Amino acid sequence: MVTKQVPVQRDGVTIGAVGLALFSDFDALKKTYSRISKAELAIPQSNKLWQSKFSLDDILGEGEQMESYRGSLQLVAAYDLPVLISGETGSGKELAAHAIHALSDRSDEPFVWVNCASIPSELVEAELFGYEGGAFTGARDRGKPGKFELAGGGVLFLDEIGDMPLSLQGSLLRVLQINEIVRVGGTTPVSVNARVVCATNRPLANLVKAGRFREDLYHRLNVLPINVPALRERNDLSFLAGRLLSCIAARLGKPIPALAEKDRQLLLRHAWPGNVRELENVLTRLIITGKLSLPFTDPPSEPARDGSIPPLKRRIQTQTGAEIHAALERTQGNKRRAADLLGISRAHLYRLLKTQGVRSSEEPGPG
Ligand SMILES: Nc1ncnc2c1ncn2[C@@H]1O[C@H](COP(=O)(O)OP(=O)(O)OP(=O)(O)O)[C@@H](O)[C@H]1O
């Protein structure tokens, strides 16, 4: 094997190295690859991917309500206990989870995110607890650590916890009770120590009543509850819109447009079903096109052929299905961009695709 290494230095200190390695035989390459993979697993905390990306300062808002909300995040961050964040889609639950990690004593450890709604239910267990080599068809030969292991002494953020398959909720409860996991296909318990922060946009208590969420797990997770206010319940929309306009304009390299009074009034009257995410999208379009458009307002109801008005539920379903179709068409099936266009999260889109029975070419992949 021939190697060449060039150290990378900052302020006279070596912070890394770039190397070139030429292998004369394939076995040697495989061995080295395996050693590097193991080393990567041993130091997950050095992985830049697993860091909280937002802090308390990124949570924009003013007034008593938002001060009290930020205060509650600071309070829960200080206690090493599970947190359950509830709030409507796009209201800032993920932002809150990042902030809790950044404010906590675990901030130097990883922040690992799992979206329970976007992983096919048969893969959730492997995603959380990892698997041993060859545990199932399609599994990697050398196995894979789960998100619990990757989180190490940091925070494991379980987004859309309400979508955790019922069959797995018992295993999750057990892990939280004994702080040990067993990889899928494995036999040896591995100690885990991550702090679990969960988020849900459907009231978990209702899912418990409906028999779709285990009550014991609900109580285990709901130690420190946080409620993120919906945008229409906040009274700082003008402030938020102003700050977001500046941030988005700076990101796009565009001048900050002045918000006309009539547009401000329209923003105040809108119901914001997609919350801050929807507001961001509306403002982005305003910056790009110079026009305010509030797209997903209720369509005028069309009478059916026999003159009767179709039930509201069906009208909403038809309209939602049409919006999703249009967005997927515009983005050529790209769900992430379609979700952005619709002002909803990718996980929310997946759920709508499931419940609306809208057909799409692409299936959700793990995490
Ligand atoms: N208070 C806030 N200040 C600034 N930006 C915010 C605020 N709340 C939310 N956002 C922004 O709105 C968008 C949606 O936020 P986030 O992803 O945290 O919502 P969510 O509640 O987790 O959504 P979902 O349930 O759909 O996953 C993000 O771009 C986030 O940065």
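The values are calculated or read from the model by the stated rules, or taken from the named source; none is laboratory data. Here the structure is a predicted model, which means the values were calculated and not measured. Please note: Cβ atoms are built from the backbone with ideal geometry, for glycine as well, and neighbour counts cover all protein chains shown. Accessible surface is based on the protein model in full, side chains and every heavy atom, while ligands, DNA and RNA are left aside. Shrake-Rupley method; radii C 1.70, N 1.55, O 1.52, S 1.80 Å.
Could you list, in sequence order, all residues of the range 77-97 that are more than 22 Å from PRO273 (Cβ to Cβ), out of contact with any Ser or Thr (no Cβ under 9 Å at 6 or more places or on another chain) and aliphatic (A, V, I, L, M)? Scanning the range 77-97 gives LEU81, VAL83.
For the range 84-118, filtered to residues that are part of a strand (DSSP E or B) and more than 9 Å from the ligand (Cβ to nearest atom), the residue that is most open to solvent (accessible area, probe 1.4 Å) is TRP113.
What about ILE256, is it without any contact (Cβ under 8 Å) to a residue 60 or more places away in the chain, away from the ligand (no atom under 13 Å from the Cβ) and in a loop (DSSP other than H, G, I, E, B)? Against the criterion (without any contact (Cβ under 8 Å) to a residue 60 or more places away in the chain, away from the ligand (no atom under 13 Å from the Cβ) and in a loop (DSSP other than H, G, I, E, B)), ILE256 qualifies. If I filter the range 53-73 for residues that are open to solvent by 30 Å² or more (accessible area, probe 1.4 Å) and either away from the ligand (no atom under 16 Å from the Cβ) or modelled with pLDDT under 75 (or both), do I get at least one hit? The answer is no; no qualifying residue exists.
In the range 223-252, of all residues being closer than 30 Å to PRO82 by Cβ, of a type in the set (A, V, I, L, M) and within 14 Å of the ligand (Cβ to nearest atom), the one that is surrounded by the fewest Cβ atoms within 10 Å (Cβ to Cβ) corresponds to ALA230. Selection of the range 332-351 for residues being within 13 Å of the ligand (Cβ to nearest atom) and under 12 Å from GLY274 (Cβ atoms) yields ALA339, ASP340, LEU342, GLY343, ILE344, SER345, HIS348, LEU349.
Given the criteria more than 27 Å from TYR350 (Cα to Cα), among the hydrophobic types (A, V, I, L, M, F, W, C), surrounded by fewer than 23 Cβ atoms within 10 Å (Cβ to Cβ) and more than 16 Å from the ligand (Cβ to nearest atom), does LEU81 qualify? In short, yes. Would you mind stating whether PRO255 is at negative phi and surrounded by fewer than 13 Cβ atoms within 10 Å (Cβ to Cβ)? The answer is yes for PRO255.
Could you check, for the range 268-281, whether at least one of its residues is open to solvent by less than 80 Å² (accessible area, probe 1.4 Å) and modelled with pLDDT under 80? No; the residues of the range 268-281 include none that is open to solvent by less than 80 Å² (accessible area, probe 1.4 Å) and modelled with pLDDT under 80.
Checking VAL197 against (1) open to solvent by 10 Å² or more (accessible area, probe 1.4 Å); (2) within 19 Å of VAL112 (Cβ to Cβ); (3) within 16 Å of the ligand (Cβ to nearest atom), which single condition isn't satisfied? For VAL197, the failing item is (1).
Consider the range 148-184 and keep the residues that are outside any helix (DSSP H, G or I), open to solvent by 10 Å² or more (accessible area, probe 1.4 Å) and among the hydrophobic types (A, V, I, L, M, F, W, C). The one that is nearest to the ligand (Cβ to nearest atom) is VAL184.
Per this entry, SER121 is not counted among residues that are open to solvent by 30 Å² or more (accessible area, probe 1.4 Å), polar (S, T, N, Q) and closer than 16 Å to GLN51 by Cα. Looking at PHE213, is it assigned by TED's automatic domain parsing to the domain that holds VAL83, aromatic (Phe, Trp, Tyr), closer than 28 Å to GLN74 by Cα and in contact with a helix residue (DSSP H, G or I) (Cβ under 7 Å, 6 or more places away or on another chain)? No, not satisfied.
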